Amino acid sequence: MRTAIIVGGGIGGLAAALALHRAGWQVDVLERAPEFGEVGAGLSLWPNAFRALEVLGLDGSVRQRSVLAGQAGIRDPKGRWLSHSDTADIERRYGPTAMIHRAELLDLLRSALPAAALHSGITVHRVQADGTLHHSDGTCRGDLLVGADGIRSVVRASLWGNGITPRYAGYTAWRMVTDPVAVSEGSETWGRGARFGYAPLADGRVYCFAVANAPQGAADPGLAGLRRRFAAWHDPIPALLAATASDAVLRHDLYELPPLPTYFKGNAALVGDAAHAMTPNLGQGACQALEDAVVLARSLDGGGLSAYDRLRRPRTQMIAARSRRIGAVAQWASPAAVALRDTALRCAPRRTFTRSLAPVLSWTG
Ligand SMILES: Cc1cc2nc3c(=O)[nH]c(=O)nc-3n(C[C@H](O)[C@H](O)[C@H](O)COP(=O)(O)OP(=O)(O)OC[C@H]3O[C@@H](n4cnc5c(N)ncnc54)[C@H](O)[C@@H]3O)c2cc1C
């Protein structure tokens, strides 16, 4: 039986393990955290992710544990709509979009794998292109080595060198899940150099995120600072922040990877953020990791890792570039530029948004 060792038990690693397991590989996932699982927050899953989840046999269970997107769009801080996304049209054309708690998705992926395949508390220190890994418990080797160890990947550093450094996007993000609050649908609000978004979760809680321009490594204003910053923004934003516990807030400066020249070396391949960490403006990082997983397993029964690279690199790098451009505009801070942006959004036909997403959402594998 062919053996695969997967470094990292996040969404990318677990999805790759599941895709390979279903294709008949013996898989082992090495995760440095003492236990599998993540505090995390919400995650949007677009139609392309559902197509990958269908191949993994999880689309039904993910639907059950998520909330399908209702009407959504972009508002200004006073609550005036700048644009509506036609979610019904997106669903008709491409399939469902849903919001799920990250922990739920990880739980579903883990449950679909044999328990014996999951090894927590193992940190990988160095790997070789022939599939050999040196880790905190010793050394092992697989026919295939999958680097799913996130933006600061050790697998990538071992085989691609230390020259590939994540770039700071210029803004920082806070993610939180509130106590239960009655919110019927989600939306995103764009201000000057700051954004706030929210979407209901299946259990009545609400996933929220805030984004603000900030120097890299700036001091965290904390929940109190967020409450002050967004106090004058439209309802229910202040109420959502009031319903958030301070230990429910995750804060991260946002980084992305420069485009890699290849996603494989020898018997090793990169998936997810290890290959193409992108800004979260399109909500596609995890969706792309799910696509990677499915294409990786399929490629190994056909063209091999070079086919995987050919199929995944242009697409993921195109999506990362789009996400970066959207983030740049969304974070504009100059009053004149923001007025122009908001007018353009107000005037754009409703279908523009759906059409612009076609190359991302129409993926069929
Ligand atoms: C603010 C924000 C919002 C986002 N929103 C969305 C969204 O709505 N939709 C979406 O699709 N995506 C979203 N994303 C992107 C998404 O979170 C990531 O793309 C996705 O989680 C990447 O998964 P991964 O498994 O590749 O990497 P990770 O989640 O980083 O997992 C890597 C795993 O590897 C382990 N690891 C690392 N190094 C080692 C080692 N040396 N040895 C062993 N284990 C190791 C880590 O502990 C970790 O468990 C968002 C990201 C951010 C920052």
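The values are calculated or read from the model by the stated rules, or taken from the named source; none is laboratory data. This structure is a prediction, so every number in the text was calculated from the model and none was measured. Reconstructed Cβ throughout: ideal geometry from the backbone, glycine too, with neighbour counts over all protein chains shown. In case anyone asks, the SASA skips ligands and DNA or RNA and just uses the protein heavy atoms, side chains included. Shrake-Rupley method; radii C 1.70, N 1.55, O 1.52, S 1.80 Å.
Provide the FRET efficiency to the nearest 0.05 for the residue 111-residue 192 pair, computing r from the beta carbons and using R0 = 45 Å. Working shown, then result.
Numbers: r = 44 Å, r/R0 = 0.98.
Computed FRET efficiency for residue 111 and residue 192 comes out at 0.55.
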Can you give the relative contact order of the stretch 77-212 as a percent, counting alpha carbon pairs under 8 Å and 6+ residues apart?
18
Please report the relative contact order for the stretch 205-302, taking Cα pairs under 8 Å with a sequence separation of at least 6, and give it as a percent rounded to a whole number.
18
Net lengthening on full extension, residue 3/residue 162 (0.36 nm per residue, minus Cα-Cα):
54.5 nm
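Roughly how big is the chain's charge dipole about its Cα centre, with Cβ charges of +1 (Lys, Arg) and -1 (Asp, Glu), in debye to the nearest 20? Each step should come with its number before you reach the end.
Details: 40 positive and 31 negative charges, 253 e Å.
Computed about the Cα centre, the dipole is about 1220 debye.
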What does the accessible area per residue of the chain come to in Å², with a 1.4 Å probe and no ligands, DNA or RNA counted?
41
Rounded to the nearest 500 deg cm²/dmol, what is the calculated helix-only ellipticity per residue at 222 nm for the chain, with -39500 (n - 2.57) per DSSP H run of length n ≥ 4?
-11000 deg cm²/dmol
Yeah, the chain with a ≥ b ≥ c from its alpha-carbon gyration tensor (a/c under 1.5 is rounded, else prolate when a/b outruns b/c, oblate otherwise) is prolate
Which is farthest toward the positive dipole end of the chain among 96, 67, 323, measuring Cα position about the Cα centre, with Cβ charges +1 (Lys, Arg) and -1 (Asp, Glu)?
323
State, to one decimal in nm, how far the label point of residue 246 lies from the label point of residue 227, with both points 7 Å from Cα in the Cβ direction.
0.9
What is the stretch 103-192 by shape, rounded, prolate or oblate, if you read a ≥ b ≥ c off the alpha carbon gyration tensor as root eigenvalues and call it rounded for a/c under 1.5, prolate for a/b larger than b/c, and oblate otherwise?
oblate
For the chain, with +1 on Lys and Arg beta carbons and -1 on Asp and Glu, the positive-most of 162, 336, 6 along the dipole:
336
For the stretch 262-353, whose charge dipole is built from +1 on Lys and Arg Cβ atoms and -1 on Asp and Glu Cβ atoms, the candidate among 299, 280, 270 with its Cα farthest towards the positive end is 280
How large is Rg/Rh for the stretch 175-240, to two decimals, with Cα atoms and a Kirkwood Rh?
0.97
Which of the trypsin sites (Lys or Arg not before Pro) found in the stretch 18-120 are in a DSSP loop and have at most 13 neighbouring Cβ atoms, other than their own, within 10 Å?
78, 80
Computed about the Cα centre, the charge dipole of the stretch 153-245 from +1 Lys/Arg and -1 Asp/Glu charges at the Cβ has a magnitude in debye, to the nearest 20, of 380
Residues with amide H under 5 Å of residue 202's amide H, sequence separation 5 or more or different chain, H placed in the peptide plane at 1.01 Å from N; which?
67, 101
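What is the percent carbon and sulfur in the accessible area of the chain, measuring with a 1.4 Å probe over the protein chains and ignoring ligands?
Numbers: 8080 of 15080 Å².
With neighbouring chains kept in place, the figure for the chain is 54 percent.
Using the crude model of +1 on Lys and Arg Cβ and -1 on Asp and Glu Cβ, and no other charge, please compute the dipole size for the stretch 2-63 relative to its Cα centre, in debye to 20.
Working: 5 positive and 6 negative charges, 42 e Å.
The dipole of the stretch 2-63 has a size of about 200 debye.
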Hey, can you list the DSSP H helices of the chain whose Cα span along the axis is 30 Å or longer and whose average Kyte-Doolittle score is at least -0.5?
305-330
Relative contact order, percent, of the chain when contacts are C-alpha pairs under 8 Å separated by at least 6 residues?
23
